[in-house]
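Down below is the structure, laid out as structure tokens.
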Amino acid sequence: MITVLDHSLIKHKISIMRDKSTSTYIFKQNLDEIAKLMAYEVTRNVVIREKPIETPICPTVGYEIGQPIVLVPILRAGIGLVDGFRDIIPTAKIGHIGMYRNEETLEPIEYYARFPKCMPESLVIVTDPMLATGGSASAAITQIKQRGAKKIILVCLVGVPEGVARIQKDHPDVDITLAAMDDHLNEKGYIVPGLGDAGDRLFGTD
Ligand code: PRP
Ligand code: URA
């Protein structure tokens with residue numbers, strides 16, 4: 001399933017991020033704010049269980065999260081979404097997977113992977129600002145499945161139909177949530193209109 005969040009606040013904030021004159025500091029600030037909104041949305045149906053509680057007035061039935069939640073940012077740019085998600089889900093555990101695209105071939109290269117043990121019983125939320133060819137996210141999800149993950153949601157800020165189609169083909173069981181669906185990829189594999197190189201804009205590299 002693919003969900004594109006249709007929300008005025010997100011449209012406003014993502015436009016600030018797209019603007020090439022936006023500083024690293026403001027870029028991250030808006031990413032944090034969007035991440036919180038996305039976290040709220042993608043956890044809408046997380047498993048909950050009943051828990052008896054007592055209010056100051058009477059006993060009643062409350063609820064608590066009923067499964068572990070693991071965030072897996074795709075390094076490096078995926079880290080940018082973690083702070084906002086952790087603000088909303090402070091008990092989430094964090095796995096890491098390092099991927100970068102070979103600039104010529106656009107093929108993903110893995111350079112790091114470390115995950116908590118609870119992957120099989122967890123809701124695993126994979127984060128990356130950009131879903132371009134989909135190669136990085138697809139390879140990351142393959143690794144995550146090899147660690148036993150069964151329920152995976154891919155959360156990206158900006159995607160294109162090409163990237164979505166790649167994930168749907170390689171991993172039809174994975175739900176995708178985007179803050180925006182852009183038009184296409186250019187000849188260098190950048191999302192158009194996009195926001196440029198997310199990692200560089202987030203960390204101030206060039
Ligand atoms: C960017 C982005 C994604 C990937 C998307 O990472 O953060 O991981 O490109 O492209 P794809 O869908 O075509 O694979 P990049 O390779 O620039 O590495 P970085 O996060 O270290 O900057
Ligand atoms: N990776 C980025 O950081 N930006 C794009 O537009 C495509 C891939």
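The values are calculated or read from the model by the stated rules, or taken from the named source; none is laboratory data. Values in this document were obtained by computation on a predicted structure and should not be read as measured data. With ideal geometry, Cβ positions are generated from the backbone for all residues, glycine too; neighbour counts draw on all protein chains shown.
The table for this structure:
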read-out	value
Residues of segment 122-149 classified as in a helix (DSSP H, G or I), within 16 Å of ligand 2 (Cβ to nearest atom) and surrounded by fewer than 24 Cβ atoms within 10 Å (Cβ to Cβ), total	3
Flag for Glu104 being without any contact (Cβ under 8 Å) to a residue 12 or more places away in the chain and either within 14 Å of ligand 1 (Cβ to nearest atom) or in contact with a Pro (Cβ under 9 Å, 6 or more places away or on another chain) (or both)	yes
Some residue of segment 63-72 being charged (D, E, K, R), over 15 Å from Leu202 (Cα atoms), modelled with pLDDT under 95 and not in a loop (DSSP other than H, G, I, E, B)	no
Which numbered condition Ala92 fails, given (1) surrounded by 19 or more Cβ atoms within 10 Å (Cβ to Cβ); (2) closer than 19 Å to Leu131 by Cα; (3) not β-branched (Val, Ile, Thr)	(2)
Selected residue (criterion: farthest from ligand 1 (Cβ to nearest atom)) from residues of segment 191-206 that are over 18 Å from the mean Cα position of the chain (by Cα) and closer than 15 Å to Leu157 by Cα	Pro193
Odd one out for Ala180, checked against (1) closer than 22 Å to Ile69 by Cβ; (2) among the small types (Gly, Ala, Ser); (3) buried (at least 19 other Cβ atoms within 10 Å of the Cβ); (4) away from ligand 1 (no atom under 12 Å from the Cβ)	(1)
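Residue-by-condition table, conditions (1) farther than 28 Å from Gly98 by Cβ; (2) among the acidic types (Asp, Glu); (3) more than 16 Å from ligand 2 (Cβ to nearest atom); (4) free of Cβ contacts under 8 Å to residues at least 12 places away in the same chain:
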site: Ser21; (1), (2), (3), (4): yes, no, yes, yes
site: Leu31; (1), (2), (3), (4): no, no, no, no
site: Tyr40; (1), (2), (3), (4): no, no, yes, no
site: Arg44; (1), (2), (3), (4): yes, no, yes, yes
site: Val47; (1), (2), (3), (4): yes, no, yes, no
site: Val72; (1), (2), (3), (4): no, no, yes, no
